[in-house]
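One structure is given here, and the rest of the page talks about it.
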Amino acid sequence: MNRLRWLLLIGLTLTLLGAYVALRSLRDGPAPALPPSGRLPSATLINDEQPLAPFSLAGAGGKLSNADLKGHWTFLFFGYTYCPDICPTSLTVMAQVKQELIRQGVAAPEVLFVSVDPKRDTPEQLGTFTRYFDASFRGATGNDEEIAALVKHLGVFYQRHDKGDGKPYAVDHTGAIYLVDPQGRLKAVFSYPHDPKLVAADYLTITR
């Protein structure tokens, strides 16, 4: 099974994610700094050798691309501002993770929230939404064609239930948080639901 099909399964099943880590471990050797069990409580190591597929999204401060992921760690999350539960919960968790890392004297990763509902989520609205959770968080969006390569690379799933009648609609989407390394490569995936203390601890283990 190729890497793309493995990544597609990330948002669907935690069990297969664990199997993926085992296979990567056999092929590439043990991942650094793992606990004795060889597994992390909340994350699955990916250690992708290829940078994320080229993308260009619109943010409140202008265009965002792969270049904006270079030189620092990034938590990447997909959703929409009208999301009633997973998105606000996950952004709250990421804010708590940031505070926990700061408390331990560690620089926190940047957070990028990508909306898969560009019809309702303007770049300006996304900026307001993300700043509600933390002033440093950024939001961006793009149409299906603009985010296609990125979501395909990561295995992100989303489906809008818009009937075109002007009524509110929901968007099904992957609830995972993706950790991107300073070279712009996928490093690990944190599956939903997220515990801020476990995420912070696993982040420290991965990045040491």
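Summary of values
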read-out: Phi to ³J(HN,Hα) by Karplus 6.51 cos²θ - 1.76 cosθ + 1.60 over region 181-194, Hz, x for Gly, Pro; value: 7, x, 9, x, 10, 5, 9, 7, 10, 9, 7, 6, x, 10
read-out: Nonlocal amide H pairs with ALA188, under 5 Å, H built at 1.01 Å; value: ILE46, ASN47, LEU179
read-out: Candidates per GluC sites (Glu not before Pro) in region 47-110, loop by DSSP, up to 12 other Cβ within 10 Å; value: GLU49
read-out: Exposure proxy ranking, count of Cβ atoms within 10 Å, fewest first, for ILE206, ILE102; value: ILE102, ILE206
read-out: Chain lengthening between ASP162 and ALA148 when straightened (0.36 nm per residue, less Cα-Cα); value: 3.2 nm
read-out: In nm, spacing of pseudo-spin labels at ALA53 and ASN66 (7 Å Cα→C-beta vector); value: 1.2
read-out: Label-to-label distance, nm, for residues given as ASP85 and TYR169 (7 Å Cα→Cβ offset); value: 2.1
read-out: Segment TYR192-SER136, extension gain: residue separation times 0.36 nm, minus the distance between their alpha carbons; value: 17.9 nm
read-out: Whichever lysines have a C-alpha closer than 21 Å to that of LYS197, once near sequence neighbours (fewer than 8 apart) are set aside; value: LYS98, LYS187
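Bear in mind that the values in this text are calculations on the coordinates, not laboratory data. It should be emphasised that the depicted structure is a prediction, and the values quoted were computed from it without experimental measurement. Glycine also receives a Cβ, built like all others from the backbone with ideal geometry; neighbour counts cover every protein chain displayed.
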